[in-house]
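Written out below as structure tokens is the structure these notes cover.
Rule-based calculations on the coordinates, nothing more; no lab input. Note that this is a predicted model, so its numbers are computed, not measured. Cβ placement follows ideal geometry from the backbone for every residue including glycine, while neighbour counts extend to all protein chains displayed.
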Amino acid sequence: MVSIDEELGVAKALKATINTLSITTPKSALLATLRKANHAAILNLGRGGALNAARIDVGIAISNLIDGSPTPERIEKTKAAVDAWIKELEAAKV
């Protein structure tokens, strides 16, 4: 398990990475960041309602990027999931 602050840092790093992602970006360049974020989200599952749901959504979105090609739809779904995850993490810090 990682702290909320650590998880938030990973989420923000993922957001920066996803914002630069395009369908032509080599997946190998992103795998470390994707896997680290997926690991952080999954490790902390079970700590609460909306935050837990956001972790599940981001985990699914990241898995779809890792297992398949980064289509525009997958990229947008991942961006939305990451934004929701960050929002819930920031709310949990208060």
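Suppose we keep only residues that are small (Gly, Ala, Ser) and closer than 13 Å to Lys77 by Cα within the stretch 48-66. Which one would you say is surrounded by the most Cβ atoms within 10 Å (Cβ to Cβ)? Among residues in the stretch 48-66 that are small (Gly, Ala, Ser) and closer than 13 Å to Lys77 by Cα, the one surrounded by the most Cβ atoms within 10 Å (Cβ to Cβ) is Ala61.
The rows are residues; the columns are (1) in contact with a Ser or Thr (Cβ under 7 Å, 6 or more places away or on another chain); (2) touching a residue at least 40 places away in the same chain (Cβ under 8 Å); (3) farther than 13 Å from Lys27 by Cβ.
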residue	(1), (2), (3)
Ala53	no, no, yes
Ile56	no, no, yes
Ile60	no, no, yes
Asn64	no, no, no
Asp67	no, no, no
Pro70	yes, yes, no
Glu73	no, no, yes
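Note on the stretch 1-46: among residues that are among the hydroxyl-bearing types (Ser, Thr, Tyr) and surrounded by fewer than 12 Cβ atoms within 10 Å (Cβ to Cβ), the one that is farthest from Ile75 (Cα to Cα) is Ser3.
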